[in-house]
1. For helix 4-15, report the angle its Cα long axis makes with the longest principal axis of the Cα atoms of the chain; keep it between 0 and 90° and round to the nearest 10°.
2. Counting Lys and Arg as +1 and Asp and Glu as -1, what is the net charge of the other residues whose Cβ lies under 14 Å from the Cβ of residue 23?
3. Give me the percent relative contact order of the chain, please, defined on Cα pairs under 8 angstrom at least 6 residues apart.
4. Please state, to two decimals, what the Cα-based radius of gyration of the chain comes to when divided by 2.2 N^0.38 Å (N = residues).
5. If we count every other residue with Cβ under 10 angstrom of residue 62's Cβ, Lys/Arg +1 and Asp/Glu -1, where does the sum land?
Amino acid sequence: MFDMDDMLAAATSRTELTDFGDDSFREGLGILLSSLRGEAQLNSRGESFLHERIVNHLAQRLQVEDWYRRHPEVEAEQISRR
């Protein structure tokens, strides 16, 4: 149930977006999914809940990356301390 490629595909299908941005998140996601498969001892309800939650987070990542792609001007914004 916790297969990274399947979850990435589900997020891509849900958003119709494909750019996840920097791949650095994949290592941590892989560790999380491995732990869920091998250690968490989840029942089917827990598996379903976490699967949906992780796919939702991946979909949000796709949406954020898309937003930044469409609004490159945000990189020039200065944030100052008041």
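What follows is calculated from the coordinates using simple rules that are stated; it is not laboratory data. Since the structure is predicted, the reported quantities are computational estimates derived from the model, not experimental observations. We place every Cβ from the backbone using ideal geometry, glycine too, and count neighbours over all the protein chains shown.
1. 50
2. -3
3. Result for the chain is 49 percent.
4. Here the answer is 1.34, to two decimals.
5. Local charge sum for residue 62: -2.
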